Amino acid sequence: MNQKSFLVWLIAIGIFTLVSCKEDILPKPAANLRLEYPEASYKTFDDPSCPYTFDMNADGKIKTEKNCDLSIHYPKMKATIYLTFKRVGNNNMDSLLRDAQSLLYKHVIKADDIIEQPFINKKENVYGMYYAVNGNAATNAQFYLTDSTRYFVDCSVYFYAKPNFDSIMPAASYLRNDLQNMMESFKWKK
């Protein structure tokens, strides 16, 4: 091997060594959106025409419908809590309970789990059931409440997106807390 060939060979090995000694370039992993919401502050909802009061998140935008039905909108989360009010009469308590439960159990197909939690507040004469729905169901939480003689309310959370529980989990947890706070602060007017 002559000196010129040796020099070309040495330069080629040097360039190869410099180029090949870099760290591997790895693509950045897919990032997950970090959803954080402000700490909830609550205010009392008390419409003079409605026979009930409860505490609601101050960030919710409430709209009163006919017959004291309500919708509480959460624009940042693209979600709404719907509350439906009905009067008890003519022995319709069974049908009101059946309707509330059948609405929930329509989600069984998509739900992974439904956790039932009875609610009793004897002091305020408020009785009902809270449901936490896990999985890709259209609603992830709902409850019904009654005084068992005059009034009945049914309340549920819906998102404006195709249900994907993993994606909406932070918002779902936040709204579950709001829903539970509504239920626990619920009072019938005397």
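Database remark: amide H of Gly135 closer than 5 angstrom to the amide H of Asp112 (H placed geometrically; neighbours at sequence offset of 5 or more, or on other chains; Pro and chain starts carry no H). Kirkwood radius and radius of gyration were both taken over the C-alpha atoms of region 48-188, and their ratio Rg/Rh is 0.95. Take the Cβ-Cβ distance between Asn121 and Tyr160 as r, set R0 to 41 Å, and report the resulting FRET efficiency rounded to the nearest 0.05. My answer for the efficiency is 0.80.
How high is the relative contact order of region 48-188, in percent, with contacts defined as C-alpha pairs under 8 Å that are six or more residues apart?
Values: 246 pairs, mean separation 38.5, N = 141.
After rounding, I find 27 percent.
Every number here is computed from the coordinates shown, using simple stated rules; none is lab data. Keep in mind that this is a model prediction, so the values were computed, not measured. Ideal geometry is used to build each Cβ from the backbone, glycine not excepted, and the neighbour counts take in all protein chains shown.
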